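Worksheet: the structure to be examined is printed underneath.
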Amino acid sequence: MARTDARTVPLDSTSRQALAASGFRYAVVDPADDDAARAYIQAESRGFLGGEQSDDEVAEFREQLAYRRWVGVYDAGADTGSAPVGTVNSWTGELSVPGERTVPFWAISGVTVSPTRRRRGIARAMLQGELRAGRDAGLAIAGLTVSEATIYGRFGFAPAVRTADWVIDTRRAGWAGPDAPGTLDHVDRSEAVALLGALHDRVRVNRPGEVDGWLGRWRQFAAVARGSEHPGRTRAVAYTSPQGERTGLLVYRITEDETDFARHTLDVRALFADGPDAYAALWRFVIEHDLVHRVHARLRSIEEPLPWMLRDERGLVSTVRDHGWLRILDVPAALRAREYSAVADVTIEVADPQGFATGCWSLQIGDDRRALIDRTGTSAQVQLSAAALAAGYLGGVRFSTLRGAGLVRGDSDAIAALDRAFTAPTAPRLGIWY
Ligand SMILES: CC(C)(COP(=O)(O)OP(=O)(O)OC[C@H]1O[C@@H](n2cnc3c(N)ncnc32)[C@H](O)[C@@H]1OP(=O)(O)O)[C@@H](O)C(=O)NCCC(=O)NCCS
């Protein structure tokens, strides 16, 4: 299915009116307009507490993110020049869902409001505008990654993908995993960029929760993006299988402990492996690296083999938290997009104060593991919010767990049937920020 070019999606008129009523102008920013683009990029950086962007960084942002729809909010009555007081950008991405398939979704990023205009409803107008624009463009799901877990629940988003950050004491953990038959070699960082993109594209479809990346993201991982910190300290190692195929890549950076040369810290910036051999070889390289005492790895799956490959799994401390947030915009289309793990015949009632997902639905999952879904009457076996449906959509949390939290109500057998059906072959994961 051809993806909708987000830049052709019009601004939402309801948000335009709401912002205008408060004295703000809502506008699409043209990345080709030097002044407007620069002001947008500087406003977004400041909004995320970043520094003023250099000319090189501005150029990188414009080149790499030109495919997105950039939206600014401007204070019509103030002397802020071309600087927006609110920013957001969006595009049509691909979200992997159970069944080794992907669904187009409305990806949202760069939500900032100037601290000088905070808590006047600008973010609300921008977010609701994005959701209506995504829905009107025919997307069934919206998604984002978040700075704070407290902001987006009110807009019907929920954390559908959890992630793990690891700190590994390498001496204690030790390697007890298998040997891999291939070879490891350092590759230069520009080669790493191409490999990151190729490997990610190969593996993401089998990993519910992953989204497609973009060249600029791989350039950042490999520290070749203009403005990258410590590019020279960023190294890459590729795994080559005995058949000569590059099936794994590690990008890492080592920092020294000035008091003890044997206690360096290795940061895993990316470790992508297509298959168990590449995975084992690259993690062994990390764990057994000479002079390294501690490893940091972020955005790992909550269900990975590594802890089972260590001599002492307590050498790995994992911190799990929310990462991939989803918002259901179209219940039938979202439920039809994925495959299920068991048959089911359940009626659900979805409550959505913003209206996108409101309704009673009959959900029938047959032997083909696909959903047939129709609107039904008002008495459903299971009642849940649009956010609870988003939380359980990829199988990242059971509906019975959400019932325990008071977020799902209804018949126990029907909830158990949903649990069996929505369980996915692997825990959802998302290895990038977007
Ligand atoms: C988060 C941010 C975008 C909010 O912008 P804002 O224009 O002040 O937000 P609004 O006035 O539209 O607030 C909308 C609602 O969200 C709530 N809210 C806003 N920021 C919040 C926060 N950080 N934590 C919890 N709630 C928040 C408001 O209280 C309001 O609640 P209510 O109307 O439901 O009672 C802004 O503070 C910001 O730019 N922060 C730094 C960058 C950032 O974290 N961006 C998010 C990226 S994922």
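The values are calculated or read from the model by the stated rules, or taken from the named source; none is laboratory data. Owing to the predicted nature of the structure, the values given are computational and were not obtained by experimental measurement. Virtual Cβ from ideal backbone geometry, glycine too; neighbours counted across all protein chains shown. Side chains included, ligands, DNA and RNA excluded: accessible areas come from the protein's heavy atoms. Shrake-Rupley method; radii C 1.70, N 1.55, O 1.52, S 1.80 Å.
Between a residue in region 38-50 that is part of a loop (DSSP other than H, G, I, E, B) and any residue that is within 10 Å of the ligand (Cβ to nearest atom) and open to solvent by 40 Å² or more (accessible area, probe 1.4 Å), which pairs come within a Cβ distance under 8 Å, given they are 6 or more apart or on different chains?
Sorted first by the residue in region 38-50, then by its partner, the pairs are Phe48/Ser147.
Six or more apart or on different chains, Cβ under 6 Å: which pairs go from a residue in region 308-332 that's within 30 Å of Ala107 (Cβ to Cβ) to one that's open to solvent by 80 Å² or more (accessible area, probe 1.4 Å) and not charged (D, E, K, R)? Could you list them?
If the second residue must be open to solvent by 80 Å² or more (accessible area, probe 1.4 Å) and not charged (D, E, K, R), the pairs left are Val320/Ile302.
Which of the residues spanning region 231-274 are over 16 Å from Asp290 (Cβ atoms), open to solvent by 10 Å² or more (accessible area, probe 1.4 Å) and over 25 Å from the mean Cα position of the chain (by Cα)?
Within region 231-274, Gly232, Arg233, Thr240, Ser241, Pro242, Gln243, Gly244, Glu245, Arg246, Glu258, Thr259 qualify.
State yes or no: is Thr265 on the phi < 0 side of the Ramachandran plot and modelled with pLDDT under 95?
Criteria not met by Thr265.
Name the single residue, out of those in region 121-147 being in contact with a strand residue (DSSP E or B) (Cβ under 8 Å, 6 or more places away or on another chain) and within 9 Å of the ligand (Cβ to nearest atom), that is farthest from Ala158 (Cα to Cα).
Ile122
Looking only at region 79-113, filter to residues that are within 30 Å of Thr426 (Cα to Cα) and out of contact with any strand residue (DSSP E or B) (no Cβ under 6 Å at 6 or more places or on another chain); which one of those is surrounded by the most Cβ atoms within 10 Å (Cβ to Cβ)?
Pro98
Looking at Leu271, Leu282, which one is assigned to a strand (DSSP E or B) and touching a Gly at 6+ places or on another chain (Cβ under 9 Å)?
Leu271
Can you name every residue in region 178-200 that is farther than 28 Å from Gly232 by Cα and surrounded by fewer than 19 Cβ atoms within 10 Å (Cβ to Cβ)?
Pro178, Asp179, Pro181
Quick one: which residue in Val211, Val187, Val203 is in the same structural domain as Ile287 (by TED's automatic domain parsing), modelled with pLDDT of 95 or more and within 16 Å of the ligand (Cβ to nearest atom)?
Exactly one residue qualifies, and that residue is Val211.
Anything in region 211-264 that is in contact (Cβ under 8 Å) with a residue 40 or more places away in the chain, part of a loop (DSSP other than H, G, I, E, B) and among the aromatic types (Phe, Trp, Tyr)? List them, or say none.
Trp214
Out of (1) in the same structural domain as Ser301 (by TED's automatic domain parsing); (2) within 16 Å of the ligand (Cβ to nearest atom), the odd one out for Ala173 is which?
Single failed check for Ala173: (2).
Based on this model, can you work out whether Ser82 counts as under 16 Å from Arg38 (Cα atoms) and either part of a helix (DSSP H, G or I) or away from the ligand (no atom under 11 Å from the Cβ) (or both)?
Considered against the rule, which asks whether it is under 16 Å from Arg38 (Cα atoms) and either part of a helix (DSSP H, G or I) or away from the ligand (no atom under 11 Å from the Cβ) (or both), Ser82 comes out as yes.
Is region 291-312 home to any residue that is buried (at least 17 other Cβ atoms within 10 Å of the Cβ), on the phi > 0 side of the Ramachandran plot and within 23 Å of the chain's Cα centre (by Cα)?
Checking region 291-312: at least one residue is buried (at least 17 other Cβ atoms within 10 Å of the Cβ), on the phi > 0 side of the Ramachandran plot and within 23 Å of the chain's Cα centre (by Cα).
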